[in-house]
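The values are calculated or read from the model by the stated rules, or taken from the named source; none is laboratory data. These numbers were taken from a predicted model, which means no experiment stands behind them. We place every Cβ from the backbone using ideal geometry, glycine too, and count neighbours over all the protein chains shown.
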């Protein structure tokens, strides 16, 4: 995990990004749409991201989370060779590759499930099949993911299934040289399977990174030395946008203190959760925030709070996307010029400054967390490690505010390049932020 301590992740949903057809016709007449991702590698690198997390890339029925074949790149995107070339070019630019590991369920056209549907009982034990009938009139009942029967739940208690999936991952490392996995719906996965998966992946690559999608509960259940390196921090995701919308910084401050404070009871001290303000499953932050002038303010908080920050493609331009209009609204085809024109703000320079700090700062990768100031509309904290200090001051009010945090040292605001005296009164304009470092 050590190599991921300083990571800043750029999140791409390839099927949407590349403008792929919504339904797969399984044609072998492949067009290399992955070249569209290759074309923005300079953009990703200029912003300073050093890891890309790809949503599903393997053959599927429709949206990628309904896998048909774990060994073949979806023909709507290109070929295995096309994806291998993309991964190689990312690596040549110092960017790690993280794939979506969709191991809880498969699509109805998944090769082994298709065998069962055709009467071959050799693979019945790969799924949770019982007497009865399905809503597709298969002549048998099976368990679907959370009642979605187009997503057939795999039997992760079956050694053959587990070995198959481990072989699949070995193949991805060999063919694409991937550096990590984000495990879809990790909260549904068998914990013993996660233990086996960790051992297998760390044998493939010692610094292989395993991150899991979790929503509620104690994240230590999945994130621990026997299982995952990191999990999605949905608690702080909610705290971030709610604090800005309600002008109540107490919410996010409470979550950060609960998770990363200095007391022994704090839940995740020394751990790096995966942090974000939007992704492929939730509305864009530019849509959620009621006061659009706060969009540039929330990202410095995301990048300096404890965790591994992630930015979803297009959000660097403040594009909107409303979950209530369906998932397609969240997963648009990439159009950089249109995003620049229609987006609410261009954050590329801000993100470049934040990525540079996040990928080099020991205070942000390993430092502790100390709250310095908190009111409903103002918030300040510092991160410290080995003499390095990063201080974040946020004013979400409509009026200016003077912070008096009395932090001594020679500080520079990384967003403006200006020297900042934190030992004296620090004036912040309305809807503004300062990120100051002493290095």
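Structure above, values below:
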| read-out | value |
| --- | --- |
| Some residue of the range 68-87 being under 23 Å from residue 308 (Cβ atoms) and crowded, with 17+ Cβ neighbours inside 10 Å | yes |
| Members of the range 398-422 that are over 14 Å from residue 373 (Cβ atoms) and surrounded by fewer than 18 Cβ atoms within 10 Å (Cβ to Cβ) | 398, 399, 400, 408, 409, 410, 412, 416, 417, 418, 419, 421 |
| Boolean, residue 306 is in contact with a strand residue (DSSP E or B) (Cβ under 7 Å, 6 or more places away or on another chain), crowded, with 23+ Cβ neighbours inside 10 Å, in a loop (DSSP other than H, G, I, E, B) and outside the structural domain of residue 378 (by TED's automatic domain parsing) | yes |
| Output for the range 411-439, where each listed residue is in a strand (DSSP E or B), within 24 Å of residue 385 (Cβ to Cβ) and touching a helix residue (DSSP H, G or I) at 6+ places or on another chain (Cβ under 8 Å) | 433, 435, 437 |
| Scan of the range 142-157 for residues that are exposed (fewer than 15 other Cβ atoms within 10 Å of the Cβ) and over 17 Å from residue 184 (Cβ atoms), ordered by number | 157 |
| Residue within the range 388-401 that is in a loop (DSSP other than H, G, I, E, B), without any contact (Cβ under 8 Å) to a residue 40 or more places away in the chain and either assigned by TED's automatic domain parsing to the domain that holds residue 354 or under 26 Å from residue 360 (Cβ atoms) (or both) present | no |
| Residue in the range 43-56 that is closer than 20 Å to residue 179 by Cα, without any contact (Cβ under 8 Å) to a residue 40 or more places away in the chain, surrounded by fewer than 21 Cβ atoms within 10 Å (Cβ to Cβ) and in the same structural domain as residue 349 (by TED's automatic domain parsing) present | no |
| Count - residues of the range 177-192 that are crowded, with 20+ Cβ neighbours inside 10 Å and assigned to a helix (DSSP H, G or I) | 1 |
| Qualifying residue in the range 283-292 (condition: surrounded by 22 or more Cβ atoms within 10 Å (Cβ to Cβ) and assigned to a loop (DSSP other than H, G, I, E, B)) | yes |
| Residues located in the range 315-330, provided they are buried (at least 22 other Cβ atoms within 10 Å of the Cβ) and touching a residue at least 40 places away in the same chain (Cβ under 8 Å) | 316, 321, 330 |
| Exclusive hit being in a loop (DSSP other than H, G, I, E, B), touching a helix residue (DSSP H, G or I) at 6+ places or on another chain (Cβ under 9 Å) and either more than 23 Å from residue 258 (Cβ to Cβ) or assigned by TED's automatic domain parsing to the domain that holds residue 303 (or both), set 345, 355 | 345 |
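A quick yes/no check of all residues on (1) assigned to a strand (DSSP E or B); (2) under 15 Å from residue 274 (Cβ atoms):
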| residue | (1), (2) |
| --- | --- |
| 150 | yes, no |
| 161 | no, no |
| 175 | no, no |
| 214 | no, yes |
